[in-house]
There are 2 protein chains.
Amino acid sequence: MTPPRALERTGPVVARALRLLEVFTPDRRSLTLSEMARHAGLPVSTVHRLTADLVAWGALERDAHGAYHIGLRLWEIGSLAPRGLGLRECALPFLEDLSQVTRENVQLAVREGTELVFVERIAGTSAVPVLTRVGGRFALTATGVGLVLLAYAPPEVQEEVLARPIKRYTDRTMITSREVRAALADTRTRGYAVSDRQVTMDALSVAAPVHDAAGEVVAAVSLVVHHGVTPAHAIAPLVLTSARAISRALPPTPPSVAPPE
Amino acid sequence: MTPPRALERTGPVVARALRLLEVFTPDRRSLTLSEMARHAGLPVSTVHRLTADLVAWGALERDAHGAYHIGLRLWEIGSLAPRGLGLRECALPFLEDLSQVTRENVQLAVREGTELVFVERIAGTSAVPVLTRVGGRFALTATGVGLVLLAYAPPEVQEEVLARPIKRYTDRTMITSREVRAALADTRTRGYAVSDRQVTMDALSVAAPVHDAAGEVVAAVSLVVHHGVTPAHAIAPLVLTSARAISRALPPTPPSVAPPE
DNA sequence: TTCTGTTTTCCGGCATGCGGAAAGTGGCGT
DNA sequence: ACGCCACTTTCCGCATGCCGGAAAACAGAA
């Protein structure tokens, strides 16, 4: 049924325990002991022992039916992540301005390895439905924010992403690495990225980079509007301005250079 | 200088690694290796080894200066906590209504052991300054949300909280367990709690319980207004209504009965 | 330069995690 | 009612892999 996952049951250390947290995903927020064991590729008795520790600390919680969930404690600690809530708090006022003015969707994302993670998303009142979730992941190749983050990512990351087959969402989604490379070049020269009907057929998004004090691109903001109403170049100044404002509001300490992979 | 922390360096297991995450707090979001060791009460070499694992997984990140931070990965996983982002997502629309109508502060909190954790906080445009942070902790005895959560908490928890000395914020803060007991009783009979100048001298908060499908109190909502403008009983219906609406919006599965302590 | 407070590496001993197996639990279909 | 099956929990002996002192490599500050 559920692919039991190719597993190297070799157990460095804590890695084992962390593997148990990884099995929770946006669409699997609740798991039983044996489900966890299956998904993590670990023997049940081992999982039983480890979960006991995790529950004792509050990283996991157990409900009335005996199923495990991610615990509040973990959320609490997680909310201290500079690139998570920290970034969100800095950016929020500006994102709200952007949202109020345009009544459209605003998104804030950072890169994590070869994917992106949405840190905030404000739904405009009359906005296009988008398929994103705060804390959710997405490919770097299709969205506006993704193109920005990829355009300014280290070359190794770009190569790794381009080497793999590219996910298609609509029949306008770029699928050859040639197309993507061109889009990345455009992004760098213009200073902002455009994603026209790449993810859904009714959305157009324009995204701009957020820099830290050291000049590194640490995040990307985007505005997602209905396709065909306003041209991208008309939206761009608005997004660029917000991105600059956020950059200026970031704390002087570099928000950390994460070792990806 | 920094209290090196009374430590039982006895090392069950994973507990050790989790202890390393605990050393991060809202006002200490960035720590060096040896600071972590000191605060966790563990030998440096042990910490060095463990952090390596944590960094490899993404629970911690390391910045240019070699300092450690909570990693984005942890935030990501943490955002799957039903009592964290999950709850927030259910409640947000209602909280926003409440905020828009009153232009005051709205707060959503859950109980964790003998304290409360703020899950969301919306700052009204003309609102009283409050000293709370999303993801932050607070005593159960002073705020409106706290009284609600305590009023419906299991007796052991109530006793434990009342047995300890009660923290004072203003000279109107209740400090005897007798006073608090009375307030809890009032809360239960009225169905909502009032905190009048208990935390700051210019704020009045009214809070109501949020129930899950099983009828358990799982969270509390509150409205924080300027003291002296509107009487509490005039605000109560608004808060009660919102709390009911949120209760109805919660998923049928009980959001988990956390083993506290 | 020297000195103090780091971070990193190394390694031998033994504590501790490991996981198979068997006992305990519960839900479901017949 | 019964027995079946899949799940959870407990137990225990083996050897794995963690543990942390000590010393080396490093980085600033005086």
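Considering only A:D63, A:D53, A:D186, give the residue with the highest GNM mean-square fluctuation for chain A, with springs between Cα atoms whenever their separation is below 10 Å.
A:D63
Mean separation of Cα pairs under 8 Å and 6+ residues apart, divided by the residue count of chain A: what relative contact order is that in percent?
Numbers: 449 pairs, mean separation 37.8, N = 261.
Once divided by the residue count of chain A, the mean separation gives 14 percent.
Distances from A:Y169 to the same position in the other copies: list them in nm, one decimal, shortest first, using label points 7 Å from Cα along Cα→Cβ.
Counterpart label points of A:Y169 in the remaining copies fall at 4.3 nm.
With n ≥ 4 as the cut-off for DSSP H runs, can you work out [θ] at 222 nm for chain A, using -39500 (n - 2.57) per run divided by the number of residues, rounded to the nearest 500? Intermediate values should be presented prior to the final figure.
Details: 9 runs with 103 residues, N = 261.
The per-residue figure over chain A is -12000 deg cm²/dmol.
Helix A:232-249: angle to the longest alpha-carbon principal axis of chain A, degrees 0 to 90, nearest 10?
Between helix and principal axis, roughly 60 degrees.
Can you give the FRET efficiency to the nearest 0.05 for A:E156 and A:V13, using r as the Cβ-Cβ distance and R₀ = 22 Å? Each step should come with its number before you reach the end.
Numbers: r = 27 Å, r/R0 = 1.23.
It comes out at approximately 0.25.
Between helix B:87-102 and chain B, what is the angle of the helix's C-alpha long axis to the longest principal axis, kept within 0 to 90° and rounded to the nearest 10?
Helix B:87-102 sits at roughly 40 degrees to that axis.
If you build a Gaussian network model of chain B, linking Cα atoms that sit under 10 Å apart, which residue out of B:P82, B:P165, B:P12 swings the most?
Evaluated over chain B, the most mobile residue of the options is B:P12.
Out of every Cα pair in the protein assembly as shown, what percent are spaced more than 37 Å from each other? Spell out each step's value before the answer.
Working: 45371 of 135981 pairs.
In whole percent, the long-distance tail amounts to 33.
Where in the range A:81-133 are there GluC sites (Glu not before Pro) that are in a DSSP coil and have at most 13 other Cβ atoms within 10 angstrom of their Cβ? Working shown, then result.
Details: sites: A:E89, A:E96, A:E104, A:E112, A:E115, A:E120; in loops: A:E104.
Sparse-neighbourhood loop GluC sites (Glu not before Pro): none present.
So how far apart, in nm, are the two label points at B:T241 and A:T46 if each is 7 Å from Cα heading toward Cβ?
It works out to 5.6 nm between the two label points.
Nearest 10 degrees is fine. How inclined is helix B:44-57 to the longest principal axis of chain B, computing both from alpha carbons?
Value to nearest ten degrees: 70.
What are the ³J(HN,Hα) couplings of the range A:196-206, residue after residue, when phi is run through the Karplus curve with 6.51, -1.76, 1.60 and θ = phi - 60°? Round to Hz, x for glycine and proline.
9, 6, 7, 10, 9, 6, 10, 10, 10, 10, 10
Let's test the formula: R0 of 30 Å, r as the Cβ-Cβ distance of B:D202 and A:Q100. What FRET efficiency results, to the nearest 0.05?
My answer for the efficiency is 0.60.
Give me the distance in nm between label points sitting 7 Å out from Cα along the Cα-to-Cβ direction at A:A64 and A:A213, one decimal.
My value for the distance between the label points is 5.1 nm.
Let's test the formula: R0 of 35 Å, r as the Cβ-Cβ distance of A:H226 and A:T189. What FRET efficiency results, to the nearest 0.05?
Values: r = 26 Å, r/R0 = 0.75.
Efficiency, rounded to the nearest 0.05: 0.85.
For peptide B:57-65, compute the average count of partner chain beta-carbon atoms within 10 Å of each residue's beta-carbon. Please list the in-between numbers first.
On the way: counts 7, 9, 7, 4, 9, 4, 7, 6, 3.
Mean shielding by partner chains, rounded to a whole number: 6.
Which chain B residue comes nearest the axis with its C-beta when you rotate B onto A, and by how many angstrom?
B:G78, 1
I'd like to know how the range B:82-249 sits against the 2.2 N^0.38 Å rule of thumb: what's its Cα Rg over that expected value?
Values: Rg = 14.3 Å, N = 168, 2.2 N^0.38 = 15.4 Å.
Output field value: 0.93.
Simple spin-label model, 7 Å along Cα-to-Cβ: A:E179 to B:E35 in nm?
Using points 7 Å along Cα→Cβ, the separation is 4.8 nm.
Each value in this text was obtained by applying a stated rule to the coordinates, not by laboratory testing. Bear in mind the structure is a predicted one, so any value in this text is a computation, not a measurement. Glycine also receives a Cβ, built like all others from the backbone with ideal geometry; neighbour counts cover every protein chain displayed.
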